[in-house]
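> Dumping the structure here so I can ask a few things about it.
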Amino acid sequence: MLQIAFIRENQEKVIQALAKRNLDAKAMVEEVVALDEKRRATQVELDNILAESNKLSKDIGELMKGGEKAKAEILKEKTVALKEKSKELTEVLNTVSDQMIHELYKLPNMPADVVPEGKSADDNETVFEEGAIPVLHEGAMPHWELAKKYDIIDFELGTKISGAGFPVYKGKGARLQRALISYFLDKNTDAGYKEYQVPHLINEASGYGTGQLPDKEGQMYHVGIDDLYLIPTAEVPVTNMFRDVILQESELPVMCTGYTPCFRREAGSYGAHVRGLNRLHQFDKVEIVRIEHPEKSYEALEGMVEHVKTLLQELKLPYRILRLCGGDMGFTSALTYDFEVFSTAQDRWLEISSVSNFETFQANRLKLRFRDKDGKNHLAHTLNGSSLALPRVLAGILENYQTPEGIVIPEVLRPYTGFDIIN
């Protein structure tokens with residue numbers, strides 16, 4: 001959530017920055033500022049009445065001590081009227097404050113200066129590319145056909161149990177999935193990230209805290225009777241561990257990693273590009289989350305990008321990194337880098353990671369702060385990244401490592417799988 005003080009003092013700057021997202025935010029910003037002005041005016045009026053009421057209470061005490069009961073009674077009548085007025089103003093203040101927060105929730109984060117202009121994924125900038133695209137043998141298959149041939153992923157069985165988008169991993173397919181999770185977690189912890197196991201269901205406050213609500217409410221599975229949401233990513237419960245927390249500056253950076261299944265409704269998804277593992281309702285992902293000092297968050301973002309690079313380099317998968325344009329960025333992000341792996345059998349790039357800096361946007365919602373050496377509190381910066389999302393990594397391995405004899409396992413994963421080929 002953008003800070004109201006910043007919006008108030010930089011209205012035109014905010015409007016121009018959000019225009020990079022192809023959003024005309026003028027009316028929204030003006031509404032927020034108008035509500036803020038009303039809120040502050042009401043607060044001043046309320047404070048004045050409370051101050052007057054406190055003064056009258058002291059005067060009444062003095063009059064009672066002096067035996068001037070009649071005068072004291074007159075002042076008591078005034079305090080009753082002031083209390084009634086203060087009650088009315090408190091109700092107005094609460095209503096206006098709620099309205100202002102509601103409007104603030106509608107405003108996305110301001111893109112960083114380096115975010116390119118653009119309306120869609122077609123306008124994203126390729127900033128890095130590495131790895132040779134393999135030449136496959138004649139008769140090479142997409143991963144969904146390989147999964148059936150080697151009986152390692154059963155999409156039909158998942159449809160029977162739950163519905164489309166809920167695959168069942170079998171045998172060596174399940175082992176390979178588990179191997180990837182363990183490998184990613186080990187690499188993350190070796191890099192200094194502390195591992196957490198977190199709940200897979202969150203409450204509404206957690207959804208608002210990291211910005212999934214109200215922006216992505218239609219994409220989340222909701223357990224109505226308990227008013228809980230299935231998590232779309234480990235970022236949500238991990239980051240919310242620090243909601244309403246004041247850290248010491250010396251505790252920064254905080255570095256966390258965790259594996260969770262992720263659940264997304266993916267409403268409206270259809271077509272050839274959602275076949276197989278390309279787009280699922282339930283999938284596994286390992287996440288990294290950082291809480292940083294504002295002066296160091298962009299250096300940390302580059303470090304996270306380099307870390308994800310090492311995973312793909314060791315897996316020896318061809319990949320590229322994109323800097324997302326304003327029109328393709330997530331609601332909460334100030335700057336996002338997407339990693340894509342090349343699927344040789346499908347002849348297309350598949351997104352396998354997003355690494356983002358949210359600056360103070362999430363921290364403002366979370367009330368996540370740090371106390372500096374002078375005892376002053378400041379909003380922290382939050383960052384997160386996939387390291388990595390498994391379905392499309394797995395798809396890339398199955399397709400790019402296929403041979404006439406079977407699917408070769410990347411060397412770095414063999415200590416985890418216990419086998420070197422699926423055949």
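The values are calculated or read from the model by the stated rules, or taken from the named source; none is laboratory data. Being a predicted model, the structure only gives us computed values, none of them experimental. Heads up, the Cβs are rebuilt from the backbone with ideal geometry, glycines too, and the neighbour counts pull from every protein chain shown. Just the protein is used for accessible areas: all its heavy atoms, side chains included, with ligands, DNA and RNA removed. Shrake-Rupley method; radii C 1.70, N 1.55, O 1.52, S 1.80 Å.
> Search the stretch 317-351 for residues being β-branched (V, I, T) and touching a Leu at 6+ places or on another chain (Cβ under 7 Å), and hand back the single one that is surrounded by the fewest Cβ atoms within 10 Å (Cβ to Cβ).
T344
> Shifting gears a bit: Test each condition in (1) touching a strand residue (DSSP E or B) at 6+ places or on another chain (Cβ under 8 Å); (2) over 30 Å from P111 (Cα atoms) for T382 and report the one that comes out false.
(2)
> Of all residues in the stretch 195-246, which are of a type in the set (D, E, K, R) and at pLDDT 95 or above?
Scanning the stretch 195-246 gives E195, E204, D226, D227, E235, R243, D244.
> Would you be able to say whether some residue in the stretch 115-127 is open to solvent by 50 Å² or more (accessible area, probe 1.4 Å), under 27 Å from L35 (Cβ atoms) and assigned to a helix (DSSP H, G or I)?
In the first step, residues of the stretch 115-127 are kept if they are open to solvent by 50 Å² or more (accessible area, probe 1.4 Å); the result is 117, 119, 121-123, 125-127.
Applying the additional criterion that residues be under 27 Å from L35 (Cβ atoms) yields none.
No, the stretch 115-127 contains no residue that is open to solvent by 50 Å² or more (accessible area, probe 1.4 Å), under 27 Å from L35 (Cβ atoms) and assigned to a helix (DSSP H, G or I).
> For the stretch 404-418, give me each residue that is open to solvent by less than 90 Å² (accessible area, probe 1.4 Å), within 36 Å of the chain's Cα centre (by Cα) and of a type outside the set (D, E, K, R).
Answer for the stretch 404-418, where residues must be open to solvent by less than 90 Å² (accessible area, probe 1.4 Å), within 36 Å of the chain's Cα centre (by Cα) and of a type outside the set (D, E, K, R): I407, V408, I409, P410, V412, L413, Y416, T417, G418.
> Oh, and also: Which numbered condition in (1) at pLDDT 95 or above; (2) on the phi > 0 side of the Ramachandran plot is the only one that Q313 fails?
The number of the failed condition is (2).
> In the stretch 133-156, which residues are open to solvent by 60 Å² or more (accessible area, probe 1.4 Å) and within 32 Å of the chain's Cα centre (by Cα)? Spell out the reasoning first.
The first filter runs over the stretch 133-156 and keeps only residues open to solvent by 60 Å² or more (accessible area, probe 1.4 Å), leaving 133, 135, 138, 145, 148-149, 151, 156.
Listed by number, the residues that qualify are I133, E156.
> Within the stretch 228-235, is there a residue that is among the acidic types (D, E) and surrounded by 19 or more Cβ atoms within 10 Å (Cβ to Cβ)?
Looking through the stretch 228-235, at least one residue is among the acidic types (D, E) and surrounded by 19 or more Cβ atoms within 10 Å (Cβ to Cβ).
> Whether any residue in the stretch 250-258 is under 30 Å from K149 (Cβ atoms), surrounded by fewer than 14 Cβ atoms within 10 Å (Cβ to Cβ) and touching a residue at least 12 places away in the same chain (Cβ under 8 Å) is what I want to check.
Quick first cut of the stretch 250-258, residues under 30 Å from K149 (Cβ atoms) only: none.
Scanning the stretch 250-258 turns up no residue that is under 30 Å from K149 (Cβ atoms), surrounded by fewer than 14 Cβ atoms within 10 Å (Cβ to Cβ) and touching a residue at least 12 places away in the same chain (Cβ under 8 Å).
> Checking R40 against (1) open to solvent by 80 Å² or more (accessible area, probe 1.4 Å); (2) at pLDDT below 95: exactly one of these is not met. Which one?
Status for R40: all satisfied but (2).
> If you don't mind, another one. Please name all residue pairs, on different chains or six or more residues apart, with Cβ atoms under 7 Å, provided the first residue is in the stretch 94-119 and is farther than 18 Å from N22 by Cβ and of a type in the set (D, E) and the second residue is open to solvent by less than 90 Å² (accessible area, probe 1.4 Å) and in a helix (DSSP H, G or I).
Short answer, once both residue conditions are applied: E103/M28; E103/E31; E103/V32; E103/L35.
> Among P167, P111, which is the only one that is within 30 Å of E405 (Cβ to Cβ), under 26 Å from the mean Cα position of the chain (by Cα) and surrounded by 14 or more Cβ atoms within 10 Å (Cβ to Cβ)?
After ruling out the rest, the residue left standing is P167.
> Here is a follow-up. What pairs come up if the first residue lies in the stretch 225-245 and is touching a residue at least 40 places away in the same chain (Cβ under 8 Å) and under 17 Å from F263 (Cβ atoms), the second is open to solvent by 20 Å² or more (accessible area, probe 1.4 Å) and charged (D, E, K, R), and their beta carbons are under 9 Å apart, counting only those six or more places apart or on different chains?
Between residues of the stretch 225-245 that are touching a residue at least 40 places away in the same chain (Cβ under 8 Å) and under 17 Å from F263 (Cβ atoms) and residues that are open to solvent by 20 Å² or more (accessible area, probe 1.4 Å) and charged (D, E, K, R), the close pairs are T233/R264.
> Moving to a separate point now. Select, from E287, E314, E292, the only residue that is open to solvent by 20 Å² or more (accessible area, probe 1.4 Å) and of a type outside the set (A, V, I, L, M).
Being open to solvent by 20 Å² or more (accessible area, probe 1.4 Å) and of a type outside the set (A, V, I, L, M) holds for just one of E287, E314, E292, which is E314.
> May I pose another question? For S182, all conditions in the list (1) farther than 30 Å from F370 by Cα; (2) open to solvent by less than 50 Å² (accessible area, probe 1.4 Å); (3) in a loop (DSSP other than H, G, I, E, B) hold save one; what is the number of the exception?
(3)
> If a residue has to be within 30 Å of Q99 (Cα to Cα) and either surrounded by 15 or more Cβ atoms within 10 Å (Cβ to Cβ) or in contact with a Leu (Cβ under 9 Å, 6 or more places away or on another chain) (or both) to count, how many in the stretch 46-62 make the cut?
Residues in the stretch 46-62 being within 30 Å of Q99 (Cα to Cα) and either surrounded by 15 or more Cβ atoms within 10 Å (Cβ to Cβ) or in contact with a Leu (Cβ under 9 Å, 6 or more places away or on another chain) (or both): 5 in total.
> Given the conditions (1) part of a loop (DSSP other than H, G, I, E, B); (2) out of contact with any Ser or Thr (no Cβ under 8 Å at 6 or more places or on another chain); (3) modelled with pLDDT of 95 or more, which single one is not true for D328?
With (1) part of a loop (DSSP other than H, G, I, E, B); (2) out of contact with any Ser or Thr (no Cβ under 8 Å at 6 or more places or on another chain); (3) modelled with pLDDT of 95 or more applied to D328, the lone miss is (2).
> Find the residue count for the stretch 166-199, including only residues that are over 21 Å from H307 (Cβ atoms) and basic (K, R).
4
Each row is one residue, and each column tells you yes or no for (1) under 43 Å from the mean Cα position of the chain (by Cα); (2) at pLDDT 95 or above; (3) open to solvent by 80 Å² or more (accessible area, probe 1.4 Å).
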site: V44; (1), (2), (3): yes, yes, yes
site: M64; (1), (2), (3): no, no, yes
site: A70; (1), (2), (3): no, no, no
site: E73; (1), (2), (3): no, no, no
site: N94; (1), (2), (3): yes, yes, yes
